[in-house]
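What follows is calculated from the coordinates using simple rules that are stated; it is not laboratory data. The structure presented is a predicted model; accordingly, all values stated were derived computationally and were not measured. Cβ coordinates were reconstructed from backbone atoms using ideal geometry, including for glycine residues, and neighbour counts include every protein chain displayed.
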């Protein structure tokens, strides 16, 4: 048994008088007649947030959440119950509730546990403890003061620091037994500037599955990474002070590298999650092997990148994550799968079974989704546009996977006129149809970048951390929702 | 299958005792003041799809949170763990944070004299004696009605019946402690229509504190099916400037945006386009926006706010003029104003309306866009700039012509509020915000 498995089981099971040896009998109780698959998901999570505004560290909060989720599956049916208490009695009660979905059938089986060696993608240490509380407070104050000193037009600065330490243990009747210890940290700066009575906001941040020292590390200009976020937030706010109304209508759009990968997350990613395709509810359903994007597009979902926000050593069903090719040279190659949908579709699981917590059911979710680099020079891409929009930074997005319609909103965008980036334009929502927009990708840059590590994806009311990325790319026509001419 | 255990008013005394125990522990560890919330919730959620059970989920959540003060310094902690050790450790975690936080002149509990004393009974607790089998049966009836409604309904995305009951107690070191039990039940249906190579989904739902008062299951399914089918053949329209009619269920969002813009948190952070607009005419003269927090059984009702202050009925807007911001104790102090007993939000907002229903407003609009779907977040709270993905129906000669998709609607909320032409009598009753459909004089629609 691995050291991680031992330490996690000691932490989550021992306080309630349990050991790993108790789990086969709980699974045995769960896997009665008619149950095909069952699992137990134990979790213990500590998290904290520190917030500075108005120049003072106004509040901090700490949360401890723990519990066990118990799931039983019979064909396409799933029964689920959970408990905050991790004791034999609570487990037994949850197991009875979860297995109530079973009708008559064969007695299920519990395989002997085996845990395979997994490559750790991040350090198991508690990221909250690497620096003291006084240092956290000092860091926030220092960034606030240094930011305010940059420009007299700054009216408000908000700085926040957040960390999570998650310990999970998954045991399934198929014999898989996995543990993972997951750090996750985030640092954000938001700035409000004012000039001639006009106010604008800019924000930036970053993070990953690492610890707070990441923000103190020097990044380029002999300055901390945290200060880099602050400069970037200010830069965006100042750009927006000069913004004119965005145009309205269909036109060419150039998407910048990095965080603009939100485009792929919405236009492609969700539509390729296994559950929607099993149910035939996605605009991509039944299109495996077909051209669903221009031949310049190769898109992957990669959960194996070290220390990335969307990465996982094993997913929430204990399956090691993979780099899954979703679209290769425009051709649909693969869906993202959890165990249930892989079993029902008769394909391999891709390590995309994720859940917000023990109190939620797993489902196929993205990890880090990005497009591979192409061959065009980013400047050449801009030069190729007579009149259009350059989207340097985005806010959020949303998709209706059935009709394929998706939106994303810009937070920093510019007009392109005669091949040159000119005036900044106000934030606008862009709307398109996934497969259609992807088939209009006519140039892909050689400058692949991943985002800085602040993305959160929502599906069926569950939030999970994700990553996105892409090179600069051009879409020949998409609708821009401004108010200008 | 086992029926759901009941979490109800009988849990209140025990939770009150827990609140008092946590407050005592905080004092013992050295907090000068504190406030505590304890809750326990239980529910059942069943989903069917394609005439089969898909999931049966039993939920049970418990936990408590504490915010404590050491002088003017503040720290918070929460946990789902229970027992004396969890209380000790959680209080200690909050205290450790407070010791490192900055002095904040505005922090601290509301004045003791302001604590709610007389609490009205709001009748929010109506457990629904429904077994998992019965819940599945209702969901199946709902979905079957949807499939039977139209041959173009080819697929389903889930019909879910939810029943939920909870009990929550709030107390603080002024000696205020009070709590209540409440319930919430809902039935929702998402259907997929298919025709001519196009797939469209739409939904319908109902929600009520009393399960027996939910709309008939078959009528919910039928409405979901009709809505999905009516989306078939949707297409963009050319870019234009036209009147826009927000259906009632989406119009709630416009007033939700308004409440956010006049809420103390956004105001003191200089993050609202409505900062400094108290006393100004923001809406047409005939408009009135009232909060009525004590309506029995209503979804938004509450006797006291997040700081322990008694909620009370008031107008935020009268004669189109902004009369009051939405303030809690902290944001009020930051702005130098008394709290409006809205820590945690507004309880039941009523928007004044005319006699015309949605049909009449479509006629009145003549030519424009009826919006029944919005996508994306697309609102800049600092400037009021509004740009969102939209779907709905094109209206010409006062009648619906064809479904529309893949367009955006854009404007500035400040202008949009002023340009409200009419509010319909077709009230949305499933929301904390009660409004009819809203007709806006002019917005930019971007499309093909």
Next item on the list: Go ahead and estimate [θ] at 222 nm for chain A from helices alone: -39,500 (n - 2.57) per DSSP H run with n ≥ 4, summed, over the residue count, rounded to 500.
Entry: -5500 deg cm²/dmol
Margin query: Give the separation of the Cα centroids, the range B:253-323 to the range A:274-345, in Å.
Written below: 45 Å
Next item on the list: Give the distance, in whole Å, between the Cα centre of the range A:453-485 and the Cα centre of the range A:375-449.
Entry: 10 Å
Margin query: If I model a spin label at residue B:364 and residue B:154 as a point 7 Å from the Cα along the Cα→Cβ vector, what separation in nanometres do I get?
Written below: 4.0 nm
Check: Ratio of chain B's C-alpha Rg to 2.2 N^0.38 Å, to two decimals?
Finding: 1.08
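Report the per residue volume, in Å³, of the convex hull enclosing the C-alpha atoms of the range B:363-448.
Output value, Cα hull per residue: 112 Å³.
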Check: If each residue's Cβ is checked for other Cβ atoms within 10 Å, how do B:126, A:22 rank with the fewest at the top?
Finding: A:22, B:126
Check: What would the Debye formula give as log10 I(q)/I(0) at q = 0.12 Å⁻¹ for the alpha-carbon point model of the range B:1-90, no solvent?
Finding: -0.50
Check: What fraction, in whole percent, of alpha-carbon pairs in the range B:9-229 exceed 28 Å separation?
Finding: 49 percent
Check: Just the projected area, averaged over all directions, of the convex hull on the alpha carbon atoms of chain A: how many nm²?
Finding: 23.3 nm²
Note to self: Show me the three semi-axes of the equivalent ellipsoid for the range A:3-242, from the C-alpha gyration tensor (sqrt of 5 times each eigenvalue), largest first, rounded to whole Å.
What the structure shows: 48, 19, 15
Item checked: Per-bin percent of Cα-Cα distances, the range B:116-264 [5 Å] -> 2, 8, 13, 12, 13, 15, 12, 9, 7, 5, 3, 1, 0, 0
Notebook entry, point to check: Quick one: helix A:225-241 against the long Cα principal axis of chain A, what's the angle to the nearest 10°, folded into 0 to 90?
Noted result: 50 degrees
Item checked: the range A:53-139 - Rg (one decimal) and Dmax (whole number), Cα, Å -> 21.4, 65
Next item on the list: Rank these for me by crowding, B:51, A:383, A:199, going from fewest to most other beta carbons within 10 Å.
Entry: B:51, A:383, A:199
Note to self: Taking R0 as 35 Å, what FRET efficiency do you get between residue B:121 and residue B:20 from their Cβ-Cβ distance, rounded to the nearest 0.05?
What the structure shows: 0.95
Notebook entry, point to check: For peptide A:403-411, how many partner chain Cβ atoms fall within 10 Å of a residue's Cβ, on average?
Noted result: 6
Checklist line | Estimated FRET transfer efficiency when R0 is 60 angstrom, pair residue A:242-residue A:89 (beta carbons, to 0.05) | finding: 0.40
Next item on the list: For the range B:234-447, just run the numbers: alpha carbon Rg, then divide by 2.2 N^0.38 Å, N being how many residues it has.
Entry: 1.04
Check: In deg cm²/dmol, rounded to 500, what helix-only [θ] at 222 nm does chain B give when every DSSP H run of at least 4 residues adds -39500 (n - 2.57) and the total is split over its residues?
Finding: -7500 deg cm²/dmol
Next item on the list: Pairs of Cα atoms under 8 Å, at least six residues apart: use those to get the relative contact order of chain B, whole percent.
Entry: 15 percent
Notebook entry, point to check: What does the average come to when, for each residue of peptide B:88-98, you count the partner chain Cβ atoms lying within 10 Å of its Cβ?
Noted result: 3
Checklist line | Spacing of the two label points (7 Å from each Cα toward its C-beta) at residue A:117 and residue B:286, in nm | finding: 7.7 nm
Next item on the list: Take the eigenvalues of the Cα gyration tensor for the protein assembly as shown, scale each by 5, and report the square roots as semi-axes in whole Å, largest first.
Entry: 38, 35, 32
Next item on the list: Of the DSSP beta bridges with both residues in the range B:243-348, give the percent that are antiparallel, rounding to the nearest 5.
Entry: 90 percent
Margin query: Relative contact order of chain A, please, whole-number percent, based on alpha carbon pairs below 8 angstrom and at least 6 residues apart.
Written below: 16 percent
Next item on the list: At a temperature of 4 °C and a viscosity of 1.567 mPa s, determine how fast the range A:241-361 diffuses translationally according to Stokes-Einstein, using the Kirkwood radius over alpha-carbon pairs as Rh; express D in µm²/s, rounded to the nearest whole number.
Entry: 80 µm²/s
Item checked: residue A:306-residue B:241 FRET efficiency (beta carbon distance; Förster radius 60 Å; 0.05 resolution) -> 0.75
Margin query: Along the Cα→Cβ direction, 7 angstrom out, place labels at residue B:195 and residue A:107. What is the inter-label distance in nm?
Written below: 5.4 nm
Notebook entry, point to check: Remind me, relative contact order of the range A:248-481 in percent, using alpha carbon pairs under 8 angstrom and six or more residues apart?
Noted result: 31 percent
Item checked: Coordinate range along principal axes, alpha carbons of the range A:215-311, Å, largest first -> 51, 41, 24
Next item on the list: Under a 10 Å cutoff between Cα atoms, tell me which one of B:172, B:342, B:266 has the largest fluctuation in the Gaussian network model of chain B.
Entry: B:266
Item checked: Neighbour-count order for B:20, B:118, fewest beta carbons within 10 angstrom listed first -> B:118, B:20
Note to self: Just to be sure I understand: of the beta bridges DSSP finds with both ends in the protein assembly as shown, what percent are antiparallel, rounded to 5?
What the structure shows: 90 percent
